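Colleague: The structure is given below, and queries will be raised subsequently.
The values are calculated or read from the model by the stated rules, or taken from the named source; none is laboratory data. Computed from a prediction, not measured in an experiment: that's the story for all the values here. Using ideal geometry, Cβ is built from the backbone for each residue, glycine included, and neighbour counts are taken over all protein chains shown.
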Amino acid sequence: MNDLSAKTSIQLHPSRKKHRLGRHPWILASSIVEPKDPPKLGDLVDLLHTDGRWIGRGLYNPHSRIRIRMLSWDASEAIDEQWLNTRLDRAFDLRQTMPGGSNLDAVRLIFSEADFLGGLIVDRFGPHIVIQVTAAAVLPWLDQVTQRLRERYSPESIALVIDDRTAKSEGIEPQSRVLEGCLPDAPFEIRENDLRWTIDLREGQKTGYYLDQRDNRRAAAAWTPLGARVLDICTYAGGFALTIARHAQPSQIIAVDSSAKALEWARGNAERNGLQNGNGLQDGIEWEQADFYNALSRRLESRDQFDMIVLDPPRLAGSRDQVDRALAAYHRLNYLACRILKPGGILVTCSCSGRVTRGDFLDMLHGVAVRVRRDLQILENRGASPDHPTSIHCPETDYLKCIIARVL
C-alpha cells in the first residue's frame, strides 16, 4: 500500500444522480460510468457525482460486480500505511476491550466491512491466525496486515484462505496456504463457554467452527427448561447441544446432522468434555444422522414432542435470487418445529443468510405462527457475538439472526 491519493476519478452513472449512497461501502458496476481506460485491480480511485463533486475514495476491481470498495469519505484522508495500521489497531483494540474479550481462546479480530476494512476477515484460534480475503482488491495489503498481526499477537502461524466462491466472483485464483510459521500437525484445543473444542487447521486452514454463535449458545442454555427434552437440528460440531448439556439441566438431548463427519467431530467433543453420558442426561447425548426436514417430519408423524428445539441450518441464500426459496425453506423448517413443540416450548431459530434481512426472517416467523395457529412470543432477538459487529452503513453485516421465542 504505497498510494497516498487516488490517480483515477470515476463518476456515478447519471441514472444514480438522486441515489443516496448512505456511505454504503459497496459501489456496484451498474452504478458507475466505466472509464475508457479502466484502473487496475487494487488501484485507489475517487468516486465523483455526475457534476464532479467528490464523494469518497476506494479500491477498484474491474472483475467484480462490486467495482469499488469504499474506504474513506474524507477527501483529506490519505490511504497509506499509517491509515491501514490505525484501522487494524482499532479493530484489535475492540476485541481486547469487549466484555470477556481478553479471555477468549478464539476470536474474530477483523470482520470486513463491519470494521471498515471491506474484504478482510481475520480469525485467531489460540496461537494460530487465519486470514480470509473476500475481495481481491485488498490483496496488496497482505504483507502489512501480516506484519501487524505478528507485532500484536506473535502467532505460531498465519494462514491465508481465498475460497472458490470468492475467487470466481473476484476474478482471482483460490488459495489456501501458510504465510508464516507452521500449522499444528494435529488438531488442537480451544475453550469456549467452559467447554473444550478441537480445531483442525490442516483442513485447508478452514476450521469449520463458527465463532459468531458463541453468545447465542450460552443464551439458549439459559432459556432451557429444567428437565427439558431438547432437539438440536443441524448440530454440526455440537455447539448448541454441548453448551446446553453443560450449562442447563435437560433430561434428553437429540442432536441431528446430515454429515457423518460432523457427528463424529461432535461426539468427540462431547466425550472430551465428559458430557456423552453425564451431567444428568438419562441416555447421554443421542446423535442422529438425518436430513433435518426428515428428522422433524418423522417426529411429527409419530406425535413426538419436545420442550426445546434449536434450528441452526447452513446458509440457504447466497444471492438475491435465492432469497424467496430460502424463506420458503425457513418457513417449512420452523413450521415443522412449531408443530412438535409442547405448549410453552422454547424455539431457538437461526439464519446466517445475509441476503435474508432480519425483517424478512421475523415476517417468516409470523407466517409460521399464523399457519400453525399458535401464539409466538419473541424472548430475545439476537445477532452475532460482539467480535462480529454490525456497521450501520452496511446492513449485510447484520447477517446472523438468532431468535429465541416461546411457542404457546
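Colleague: Mind checking which pairs have a first residue in segment 64-79 that is assigned by TED's automatic domain parsing to the domain that holds LYS168 and free of Cβ contacts under 8 Å to residues at least 12 places away in the same chain and a second that is buried (at least 18 other Cβ atoms within 10 Å of the Cβ) and assigned to a strand (DSSP E or B), Cβ under 7 Å, 6 or more apart or different chains?
Modeller: Pairs that qualify, where the first residue is assigned by TED's automatic domain parsing to the domain that holds LYS168 and free of Cβ contacts under 8 Å to residues at least 12 places away in the same chain and the partner is buried (at least 18 other Cβ atoms within 10 Å of the Cβ) and assigned to a strand (DSSP E or B): there are none.
Colleague: Something else about it: Name the residue, out of ALA222, ALA270, ALA262, ALA237, that is out of contact with any strand residue (DSSP E or B) (no Cβ under 8 Å at 6 or more places or on another chain) and at pLDDT below 95.
Modeller: Numbers: ALA222 fails: at pLDDT below 95; ALA270 fails: out of contact with any strand residue (DSSP E or B) (no Cβ under 8 Å at 6 or more places or on another chain); ALA237 fails: out of contact with any strand residue (DSSP E or B) (no Cβ under 8 Å at 6 or more places or on another chain).
Being out of contact with any strand residue (DSSP E or B) (no Cβ under 8 Å at 6 or more places or on another chain) and at pLDDT below 95 holds for just one of ALA222, ALA270, ALA262, ALA237, which is ALA262.
Colleague: Consider ALA137 carefully, then state whether it is among the hydrophobic types (A, V, I, L, M, F, W, C), touching a residue at least 40 places away in the same chain (Cβ under 8 Å) and outside any helix (DSSP H, G or I).
Modeller: The answer is no for ALA137.
Colleague: Just checking: which of the strands (runs of 3 or more DSSP E) contained wholly in segment 40-121 hold 2 or more residues that are under 22 Å from LYS7 (Cα atoms) and not hydroxyl-bearing (Ser, Thr, Tyr)?
Modeller: Numbers: elements: 44-48, 54-60, 66-72, 106-111.
The strands (runs of 3 or more DSSP E) meeting that bar are 44-48, 54-60, 66-72.
Colleague: Name the residue, out of TRP265, TRP197, that is on the phi < 0 side of the Ramachandran plot and not in a helix (DSSP H, G or I).
Modeller: The conditions single out TRP197.
Colleague: How many residues, within segment 354-408, are assigned to a helix (DSSP H, G or I) and closer than 30 Å to ASP105 by Cβ?
Modeller: Qualifying residue count for the region: 3.
Colleague: For segment 333-353, which residues satisfy the criterion of being under 24 Å from the mean Cα position of the chain (by Cα) and not in a helix (DSSP H, G or I)? Quick ask: steps written out before the conclusion?
Modeller: Narrowing segment 333-353 to residues under 24 Å from the mean Cα position of the chain (by Cα): 333-334, 337, 346-353.
Hits for segment 333-353 are ILE346, LEU347, VAL348, THR349, CYS350, SER351, CYS352, SER353.
Colleague: For segment 168-194, how many residues are in contact (Cβ under 8 Å) with a residue 24 or more places away in the chain, touching a helix residue (DSSP H, G or I) at 6+ places or on another chain (Cβ under 8 Å) and not in a strand (DSSP E or B)?
Modeller: Qualifying residue count, segment 168-194: 5.
Colleague: Within segment 146-197, work out how many residues are among the hydrophobic types (A, V, I, L, M, F, W, C) and over 23 Å from the mean Cα position of the chain (by Cα). I'd like the intermediate steps shown before the answer.
Modeller: Initial filter on segment 146-197 (among the hydrophobic types (A, V, I, L, M, F, W, C)): 149, 158-162, 167, 172, 178-179, 182-183, 186, 188, 190, 195, 197.
Restricting the remaining residues to those that are over 23 Å from the mean Cα position of the chain (by Cα) gives 179, 182-183, 186.
Total satisfying the criteria: 4.
Colleague: On the given criteria, is ASP89 at pLDDT 95 or above, of a type outside the set (A, V, I, L, M, F, W, C), surrounded by fewer than 15 Cβ atoms within 10 Å (Cβ to Cβ) and not assigned by TED's automatic domain parsing to the domain that holds PRO395?
Modeller: yes
Colleague: Could I ask something else about it? Looking at (1) part of a strand (DSSP E or B); (2) modelled with pLDDT under 95; (3) over 27 Å from LEU44 (Cα atoms), which is the one condition that is false for ILE129?
Modeller: Of (1) part of a strand (DSSP E or B); (2) modelled with pLDDT under 95; (3) over 27 Å from LEU44 (Cα atoms), only one is false for ILE129: (2).
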